[in-house]
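Down below is the structure, laid out as structure tokens.
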Amino acid sequence: MHGTFPSHPNPPSLTYPTLPFNLPLSQAFQGRHGRAYLFSNVVNITLGPKEDRLLITGLHTVCDIMCSSCSSVLGWKYVTAFEESQKYKEGKYIIEKAKVLKEQDRATNTW
């Protein structure tokens, strides 16, 4: 099974494998558009510039991650966590659920 990251009504065919080694580390994160997933590795993305951002869990240095095909913002990468309890996030990625489209939904153009 694969998922696609959409950004517009006819998104490019960008997929990620949902194999056991690529399952989310956590599904309990909050993104800008609702629920989000924490991953240790993602593919087919480009990184935006680093910026300090005040998130629910405190101040972090992050960079937005964009689809390498269509440049849609999918989430962000944690670069630095300033609070000790949040250090486990460093180097990990947030993908927002609202930005993920399953292949079967793509055929009907539902999001």
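Checking each residue in the stretch 61-72 for being part of a strand (DSSP E or B) and either within 19 Å of Arg35 (Cα to Cα) or aliphatic (A, V, I, L, M) (or both) picks out Val62, Cys63, Asp64, Ile65, Met66, Cys67.
Restricted to the stretch 73-94, and to residues there that are crowded, with 16+ Cβ neighbours inside 10 Å and outside any strand (DSSP E or B), the residue that is nearest to the chain's Cα centre (by Cα) is Lys92. Restricting attention to the stretch 54-63 and to residues that are surrounded by 13 or more Cβ atoms within 10 Å (Cβ to Cβ) and modelled with pLDDT under 95, the residue that is nearest to Leu25 (Cα to Cα) turns out to be Thr57. From the list Asn10, Asn44, Asn22, the lone residue that is touching a strand residue (DSSP E or B) at 6+ places or on another chain (Cβ under 9 Å), of a type outside the set (A, V, I, L, M, F, W, C) and modelled with pLDDT under 85 is Asn22. Is one or more of the residues making up the stretch 95-110 at pLDDT below 80, surrounded by 18 or more Cβ atoms within 10 Å (Cβ to Cβ) and in a loop (DSSP other than H, G, I, E, B)? Yes, the stretch 95-110 contains a residue that is at pLDDT below 80, surrounded by 18 or more Cβ atoms within 10 Å (Cβ to Cβ) and in a loop (DSSP other than H, G, I, E, B). The number of residues in the stretch 28-53 that are more than 13 Å from Trp76 (Cα to Cα) and in a strand (DSSP E or B) comes to 3.
The values are calculated or read from the model by the stated rules, or taken from the named source; none is laboratory data. Because the structure is predicted, anything quoted here is derived from the model rather than measured. Backbone-built Cβ (ideal geometry, glycine too); neighbour counts: all protein chains shown.
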